[in-house]
Structures are given as structure tokens and as C-alpha cells.
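What follows draws every value from the coordinates through simple rules; no lab data is involved. Only a predicted model underlies this, so the values are computations on that prediction, with no experimental measurement involved. Note that each Cβ is placed from the backbone with ideal geometry, even for glycine, and that neighbours are counted across all protein chains shown.
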Amino acid sequence: MQKLTDKQEAFALAYAANGGNGTQAAVVAGYSEKSAHVEQNRLLKLTHVQQRIKDHCSDQFVHHAPMAIATLAELARSSRSALVRYNAAKDIADRAGFKPPEKVLELSGTIDLDEHEMRERIETLMSELYPRDKEAVTFDPRSD
């Protein structure tokens, strides 16, 4: 990556910190107020400046992550809405790597099965997916 000048670095830092106001960031970085708008357009076209802004934004995400986690935990603990509590708890679990496995029916190797064997295979798979309701998952192609 190309080395940034001190002004470019100051611009990238100010841009990330102020929420993306390029003109204001240019003024903070030391460019004149008259030329700040033109300079911010020029700076934002430079890939090495764009990358540095991205780096600063990533740093901010890392810095604010503990607050976001605390907010989710507080919502999961004390929100009045059961749906909000559920979604916050699910989001925490998902981000911690405890996503539930996706349910997928595996029907490979069933091409040579006759109708009876195919029905048994489907019923077995359905009972594995929905073990509590075994009677409700009986597969009968004639019921359509």
C-alpha cells in the first residue's frame, strides 16, 4: 500500500470518526475551508486513502463490539418483548458459533428403491427431523 501523507492520514481518521463527512474531515486534516470539498473528492478517489478509512472503520467496530455485546445481553435479559429477548439471545448464540444445524434431507442413493422402500426411507428421514410428531409425518403420495 502506498504511504499516506500526514494530511491524508488525518483525513482518513477524521472521515471515519465523523461518520463520513468528507468536507469536514478535510478541514480537520488541515485543508482550507475553500478547497475542502474539492480535496475530499480527490482524497476519496485514492485507493490507499480508501483502504486507510476502511482500516479506521474496522478499528471502530472492534472498539464498539463490547458495547454491542452488552446491549444484546441486556436486551436478552430484560426486554419487555419476548420476541426481542428471543432475537437478542439467538443473535448472541449465533455469533458465538452456536448456530443450529440446517435441516437437509439426504436422498442420494435412493434412485433404485421401489415405492415401498422409498416411503420407508422418507418416513425415517422425516422422523429424524421431527421426532416428536412421528405420526404426523407419514408420507403417502396418494393423499395429494
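Using 0.36 nm times the number of residues separating His37 and Thr71, minus their current alpha carbon distance, what extension gain do you get?
Values: separation 34, 0.36 × 34 = 12.24 nm, distance 3.70 nm.
8.5 nm is the gain from fully extending His37 to Thr71.
Using DSSP to call loops (not H, G, I, E or B), can you name the chymotrypsin sites (Phe, Trp or Tyr not before Pro) in region 30-103 whose Cβ has at most 14 other Cβ atoms within 10 angstrom?
Details: sites: Tyr31, Phe61, Tyr86, Phe98; in loops: Tyr31, Phe98.
Within region 30-103, the qualifying chymotrypsin sites (Phe, Trp or Tyr not before Pro) (loop, at most 14 other Cβ atoms within 10 Å) are Phe98.
Please identify the trypsin sites (Lys or Arg not before Pro) of region 1-103 that satisfy two criteria: DSSP loop assignment and at most 10 other Cβ atoms within 10 Å. Which are they? Mind showing how you got there, number by number?
Values: sites: Lys3, Lys7, Lys34, Arg42, Lys45, Arg52, Lys54, Arg77, Arg80, Arg85, Lys90, Arg95, Lys103; in loops: Lys3, Lys34, Lys45, Arg80, Lys103.
Answer by residue number: Lys3, Lys34, Lys45, Arg80, Lys103.
Please list, by residue number, every one of the GluC sites (Glu not before Pro) in region 2-60 that is coil in DSSP and has at most 16 other beta-carbon atoms within 10 Å. Could you put the intermediate results ahead of the total?
On the way: sites: Glu9, Glu33, Glu39; in loops: Glu33.
Qualifying residues, ordered by number: Glu33.
Using only the Cα atoms of region 6-95, build the gyration tensor, take square roots of its eigenvalues as a ≥ b ≥ c, and label the shape rounded, prolate or oblate: rounded if a/c is under 1.5, else prolate if a/b is larger than b/c, else oblate. Write down the numbers at each step before the final one.
Numbers: a/c = 3.93, a/b = 3.05, b/c = 1.29.
It is prolate, given that a/c is not under 1.5 and a/b is the larger ratio.
Can you tell me how much longer the chain between Thr5 and Glu120 gets when fully stretched, taken as 0.36 nm per residue apart minus their C-alpha distance, in nm with one decimal?
Working: separation 115, 0.36 × 115 = 41.40 nm, distance 7.09 nm.
Working it through step by step, the gained length comes to 34.3 nm.
By a straight-distance test (C-alpha under 27 Å), which lysines pair with Lys99 as possible cross-link partners, with residues fewer than eight away in the same chain excluded?
Candidates past the 8-residue exclusion: Lys90, Lys134.
By how many nm would the segment from Lys45 to Tyr130 lengthen if fully extended, with 0.36 nm per residue of separation less the alpha-carbon distance?
Details: separation 85, 0.36 × 85 = 30.60 nm, distance 5.47 nm.
Here the segment from Lys45 to Tyr130 would lengthen by 25.1 nm.
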